[in-house]
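Quick note: the coordinates plus some simple rules give every number you see, no bench work behind them. Because the structure is a prediction, the values reported are computed rather than measured. Don't worry about glycine lacking a Cβ; one is built from the backbone with ideal geometry, like all the others, and counts go over all protein chains shown.
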Amino acid sequence: RAKREGRNQSRIYTADMSTQTQARVALEKNLRRALAKREFLLHYQPQVDLQTGQIVGMEALLRWQRPGFGIVPPAEFIPVAEESGLIIPIGEWVLREACTQNKLWQDAGLPSLRMAVNISARQFGLNGRFMTEMVDQVLKESGLMPEYLELELTESLVMANPEQTAHILHRLKDRGISISVDDFGTGYSSLSYLKRFPIDKLKIDRSFVRDITHDDADAAIVNAVISLGHSLNLQVIAEGVETTEQLEYLRQEGCDGIQGYLFSRPMPAIALTQMLRKVRPFEINSSK
Ligand code: C2E
Ligand code: MG
Ligand code: MG
Ligand code: MG
């Protein structure tokens, strides 16, 4: 009897797995189609300098305008895109779109800003040649100067294959591209990569910023990241800033920049164009 139950259980388990697998395969198919049908789009979130209150850059964030579903956030499809390898063509589309849009803004006479693009480990590939060639080609086609491109990597990407990654990053850096570490402090990684890799910027993860004004441990971590970054000559910017209290705290601790809903949510290119036209500095000194 136990045996029969066991068998039934394993059958149920198998059926369940195959449902999951089917869902994954269906999503993969839909992602492939989405790419062909141009259903992806980018939203852009400004980054603000805490000294001047000026917008100094922006991050391109992928969205999927899925017919019948509205706008699908990246958390719902990036993992499958990564597992299936589709992140390679999707990531190339993101880079091309972001660079082209940035060049359009520059050509329209708007202030020249650096565009940050998120990169997945899979995009670095096995020999890295693809990555540098792809970036070169996109820069050439879009006409964007490499100085106005920043690539955001995670600690897990960096640690997946440190030798290889260091090599590719140096080649990208040679071209004038900036490198930042996204979600800093959330990965399982050794800090030693910070001295071996040509990194320009640390982005403090939103999870540390959220309770910064009332959680001593979070405040201590954020302060430590700012000091560490500055001692290594890196820029430090905070993600997910939603309140003036968080802003004020970060400014007092010498954080270089912020990105978050307080200043602006990620928005379509047309809305950012309107914001950039106003060129009004963000009021950062709430006390003045
Ligand atoms: P991320 O790179 O850390 O991007 C920051 C995320 O925080 C974005 O979520 C942004 O909308 C959100 N955010 C910004 N400010 C605030 C705030 O004040 N409060 C809150 N609650 N959230 C804030 P989003 O756009 O949903 O993207 C999630 C993640 O998906 C990104 O995290 C990144 O890891 C990944 N992703 C997005 N676009 C791409 C892409 O083109 N390629 C790759 N490989 N990954 C991407
Ligand atoms: Mg990012
Ligand atoms: Mg981040
Ligand atoms: Mg994050």
Dipole of segment 136-228, positive end: most advanced residue of PRO162, ILE212, SER227 [Cβ charges, Cα centre]: PRO162
Nonlocal amide H pairs with VAL236, under 5 Å, H built at 1.01 Å: LEU202, ASP256, GLY257
Convex hull (Cα only) mean projected area of the chain, reported in nm² to one decimal: 19.2 nm²
C-alpha center-to-center spacing [segment 40-85, segment 174-220] in angstrom: 19 Å
Inter-probe distance in nm under a simple model that places probes 7 Å from Cα toward Cβ, at THR100 and ALA217: 4.7 nm
Inter-label distance, nm, simple model (7 Å from Cα along the C-beta direction), ILE71/VAL25: 3.3 nm
Under 5 Å, built H, 5+ apart or other chain: amide partners of VAL56: GLN47, VAL48, ASP49
In order through segment 136-146: 3J(HN,Hα) via Karplus (6.51 cos²θ - 1.76 cosθ + 1.60), integer Hz, x for Gly, Pro: 4, 5, 5, 5, 5, 5, 7, x, 6, 6, x
Counting DSSP beta bridges with both ends in the chain, the antiparallel % (nearest 5): 40 percent
DSSP loop chymotrypsin sites (Phe, Trp or Tyr not before Pro) with at most 11 other Cβ within 10 Å: longest gap in the chain: 70-187
Partner aspartates and glutamates for LYS201 [C-alpha distance under 18 Å; skip if fewer than 8 residues away on the same chain]: ASP49, GLU59, GLU147, GLU150, GLU152, GLU155, ASP174, ASP182, ASP183, GLU239, GLU253, ASP256
Span from the segment 225-256 Cα centroid across to the segment 107-158 one, whole angstrom: 24 Å
